[in-house]
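Data block below; observations after.
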């Protein structure tokens, strides 16, 4: 037992002496959590959806009829741009031409702003808009249709969203106009009922959602890069040969190395959770029995992958290259950064074979920020445990052969 503890202590001290190890193990996860929380921290904390748009309408061309369609549209958007009682930002901030300002010049200016991303959309009601609407309502389908010109940016998701909302507002105004002239019967309209699937007791803050992923990413990087890097560099420097002339077996060496790795991961866990809670107000609890079991399973899984890479690679550089090859597919095809539900079938196979997928979903499910979609959580342990067995078995056999050649 003493030899295992001595190896664990040596591994921890060696890690603290290496600046690169300290950066990737400790500084980078903390830096990434800070950046993501500062940039996206208010995405789910009641942040308001807000769009800046331009509305070009000519009040002097308003219809002399009992109501003006263009005025109704302007009033509808003005209501959406008015301050709310709750203190939240209104949906729209609307820019309109000033009295006497040239419409064409204003339109050209706003289209330039739209291309630059300073506006989300530009809505133009032509001077004869009211007359065309009234002719259509009076004559029916035989009259020329009225057109409102909507400009949006082809390179902006916000512009597409704003345009979709504007189209819905125009559709509601159209229904209102038809109702005023008796051409629309609300009682005959197709009714729709919205139903929500799933339950959520409260809004999930972004830091609560991203914190489990940052923890797993830190453990993953430590196991995939730190473990084989240390072992392979020790082998290249003939340090391992000195171990094997002692009664120390490969299995006990890996146990001591693994114990030191657990200590480093515990330090990672402490610093990341402390930063999330005290700096960004994370409210999830990561100290429940199920959550701690998943975290320990994650550390052991990634440690086993590190042992496997160390046993297969012929040099330290080859080990780092192998780790990089595995890093991107396992990280990105796990749902850590984007949804994986719409992937092609052949990539879905990789997702289902990836232990990170199950560990991430189980961890988020255990802290209450995500519902399970793969399988009931006890079964999510099966894939990581299988990978632990395969990697450990292959690692022990291969590493024993490698150091004796």
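Read the figures in this text as sums done on the coordinates, not as results from a lab. Keep in mind the model is a prediction, meaning the values are calculated, not measured. A quick note on method: Cβ atoms are made from the backbone with ideal geometry, for glycine too, and the neighbour counts reach across all protein chains shown.
Among 303-313, 351-361, how do they line up from the highest to the lowest mean number of other beta-carbon atoms within 10 Å?
Those peptides, ordered most packed to least, come out 303-313, 351-361.
Quick one: if you stick a label point 7 Å off each Cα along the C-beta vector at residue 112 and residue 75, how many nm between them?
Taking the two extended label points, one gets 3.6 nm.
Applying 1/(1 + (r/R0)^6) with R0 = 30 Å to the Cβ-Cβ distance of residue 22 and residue 385, what FRET efficiency is obtained, to the nearest 0.05?
So, using R0 = 30 Å, E works out to roughly 0.45.
Once you place label points 7 Å from the Cα toward the Cβ at residue 170 and residue 259, how far apart are they in nm?
So the two model labels end up 7.2 nm from each other.
Using alpha carbon centroids, what distance separates the range 226-243 and the range 85-137, in Å?
68 Å
Between residue 128 and residue 242, what is 0.36 nm times their sequence separation minus the Cα-Cα distance? Round to one decimal in nm.
Additional length available on full extension: 31.9 nm.
Please give the length that would be gained between residue 325 and residue 274 if that part of the chain were fully extended, namely 0.36 nm times their separation in residues minus their C-alpha to C-alpha distance (nm, one decimal).
Value of the extension gain: 15.2 nm.
Provide the gained length on full extension for the span residue 13 to residue 318, in nm with one decimal, where the gain is 0.36 nm per separating residue minus the Cα-Cα distance.
Stretched out fully, the residue 13 to residue 318 stretch lengthens by 107.3 nm.
Using label points projected 7 Å from each Cα along Cα→Cβ, tell me how many nm separate residue 292 and residue 38, to one decimal.
3.4 nm
By average Cβ neighbour count within 10 Å, what is the ranking of 99-111, 213-225, 384-396, 6-18 from highest down?
213-225, 384-396, 6-18, 99-111
Please give the peptides 286-298, 240-252 ranked by average Cβ packing (other Cβ atoms within 10 Å per residue), highest first, as a rough proxy for protection.
Put in order of decreasing packing, that is 286-298, 240-252.
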